[in-house]
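Below: one structure, written as structure tokens.
The values are calculated or read from the model by the stated rules, or taken from the named source; none is laboratory data. The shown structure was predicted, so the numbers you read here are calculated from the model rather than taken from an experiment. Every residue, glycine among them, receives a Cβ derived from its backbone with ideal geometry; neighbour counts consider all protein chains shown.
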Amino acid sequence: MTGHAALTFAREAQIVVIGWQVFAITRDPLSLGLIGLAEAIPLLGFALYAGHLADVMPRRPLAITGAAGMTLSSILLLVVTLQPDLLASYGIWSIYGLVFLGGIGRSFVRPAVSALSAEVIPRELYPSAVAWRSSVWHLAAIAGPAAGGLIYGFAGAKAAYITVVALMLVSLLGFVFVRHSVRPVPPEEQPLVESIMSGVRFVWRDPVLLGAMSLDLFSVLFGGATALLPIFAVILGAGPEGLGVLRAAPAVGSIAVGILMAHRAPSRRAGGVLLTCVALFGVFMISFALSRNFVLSFLLLLASGVVDGVSVVIRALLLQMRAPGHLLGRVSSVNQMFIGASNEIGAFESGVAARLMGTVPSVVFGGCMTLLVVAVTAWKVPQLRRLRDLHTS
């Protein structure tokens, strides 16, 4: 939990620093989208293989290796920032390249940590454990952006990157001190491609999992405005400090609802709750785009975090309750591809849409598309719409 929280804190702080640094150089919304694309390419490219490794080798060393790759990326970002001549020589593409390197490490961390946590926790404690893990993640996601923005605003990019590197090292120590290391044994030997594709086939044959993942993919792909927050910070008259506060707002809402869900049994109308929460997310994004008041914008992002927090816990529980243990790493990697496509490629889509349509119209359009996605999913996947108990089909 410590390693996961420190890694999240560091990455979320780094996202704010990179976003403000890049936009300060380019003043181009497309450059913000390219940050997401630089991380999405390795996430999508390595995810399935990383899931295979998480099911055939000890998960703890895999998590340590992935975290080490992310740490190396952050160290090199610090070096580039400390040496302005390097940035002048290689341009903004040097930052994109180092984000790409961090994305490779992150692609291995996700399935390893997800499968490892399910491996060390008794199955009957999954609902509470997932909610607590989600809350810890969101707590780090609150402090990370706020710290990144504040440190950047008051002490500069160098101090912010030093903080990120220090936290990355803490995360490495957290994973090193995990005293559980078991080599998962698949039920039968399989060729590499067959092993990799078994996770894809499992998700494809489960309409509830496929529907929930697709809902996340398309809603965040169109509806998210995270990548454009540096522009909204300028629109609202806020600096990097304000950007950090806006970036942290969704996580504030998510952690509050996550703690509540850790103490209450999961909803008996899980499918309907999931669809409703995603629809509300789209409504809040449309309202945020139209807001010109910083406090109102913060509250709308806070509300979006509340509904997103509920949907995150439901989706995580669906994955861990429905996927068999020997396939958990591979199924998690498929989920990672959906999340990577939605978050990182969604950031690229936001940048392109903002360049073509304007920042505010692009977010309004995305929110409307989210509502359309919810309607289509509810129509096409009745099993998800009718799902009540998370423990059953």
Index of the failed condition, Ser333 passing every other in (1) polar (S, T, N, Q); (2) under 19 Å from Pro250 (Cβ atoms); (3) buried (at least 23 other Cβ atoms within 10 Å of the Cβ) = (2)
Which condition does Ser254 not pass, out of (1) modelled with pLDDT under 80; (2) surrounded by fewer than 24 Cβ atoms within 10 Å (Cβ to Cβ), if it passes all the others?
-> (2)
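What residue, of Gly33, Gly66, Gly3, is at pLDDT below 85 and under 17 Å from the mean Cα position of the chain (by Cα)? So that I can check it myself, show each step before the final result.
Working: Gly66 fails: at pLDDT below 85; Gly3 fails: at pLDDT below 85.
The match here is Gly33.
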May I ask you to say which residue of Gly103, Gly19 is among the small types (Gly, Ala, Ser), at pLDDT 80 or above and in contact with a Lys or Arg (Cβ under 9 Å, 6 or more places away or on another chain)?
-> Gly19
Starting from region 118-137, take each residue that is in contact (Cβ under 8 Å) with a residue 40 or more places away in the chain and list its partners that are buried (at least 16 other Cβ atoms within 10 Å of the Cβ) and of a type in the set (Ser, Thr, Tyr), counting only C-beta distances under 6 angstrom and pairs at least six apart or across chains.
-> Trp137/Thr8
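When you look at Ile75, is it of a type outside the set (Asp, Glu), surrounded by fewer than 24 Cβ atoms within 10 Å (Cβ to Cβ) and part of a helix (DSSP H, G or I), yes or no?
Details: of a type outside the set (Asp, Glu): yes; surrounded by fewer than 24 Cβ atoms within 10 Å (Cβ to Cβ): yes; part of a helix (DSSP H, G or I): yes.
So Ile75 passes the test.
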Check region 40-48 and report whether any residue there is within 23 Å of Ile162 (Cβ to Cβ), out of contact with any Lys or Arg (no Cβ under 9 Å at 6 or more places or on another chain), surrounded by 22 or more Cβ atoms within 10 Å (Cβ to Cβ) and not basic (Lys, Arg).
-> no
Tally, over region 94-111, of residues that are small (Gly, Ala, Ser) and touching a Gly at 6+ places or on another chain (Cβ under 6 Å) | 1
Looking at Gly346, Gly367, which one is assigned to a helix (DSSP H, G or I), at pLDDT 80 or above and crowded, with 20+ Cβ neighbours inside 10 Å?
-> Gly367
Kindly provide the set of residues from region 257-292 that are of a type in the set (D, E, K, R) and either modelled with pLDDT of 75 or more or in contact with a Gly (Cβ under 6 Å, 6 or more places away or on another chain) (or both), ordered by number.
-> Arg269, Arg292
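Rundown of residues vs (1) surrounded by fewer than 18 Cβ atoms within 10 Å (Cβ to Cβ); (2) touching a helix residue (DSSP H, G or I) at 6+ places or on another chain (Cβ under 9 Å), yes/no style:
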{"residue": "Met70", "(1), (2)": "no, yes"}
{"residue": "Leu82", "(1), (2)": "yes, yes"}
{"residue": "Ile92", "(1), (2)": "yes, yes"}
{"residue": "Ile95", "(1), (2)": "no, yes"}
{"residue": "Leu101", "(1), (2)": "no, yes"}
{"residue": "Ile104", "(1), (2)": "no, yes"}
{"residue": "Glu124", "(1), (2)": "yes, no"}
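I'd like the full set of residues that are small (Gly, Ala, Ser), assigned to a helix (DSSP H, G or I) and at pLDDT 85 or above, limited to region 149-179. Walk me through it before giving the result.
Quick first cut of region 149-179, residues small (Gly, Ala, Ser) only: 149, 153, 155-157, 159-160, 166, 171, 174.
Pick out the ones that are also assigned to a helix (DSSP H, G or I) and you get 149, 153, 155, 157, 159-160, 166, 171, 174.
Of everything in region 149-179, those that are small (Gly, Ala, Ser), assigned to a helix (DSSP H, G or I) and at pLDDT 85 or above turn out to be Ala155, Ala157, Ala159, Ala160, Ala166, Ser171, Gly174.
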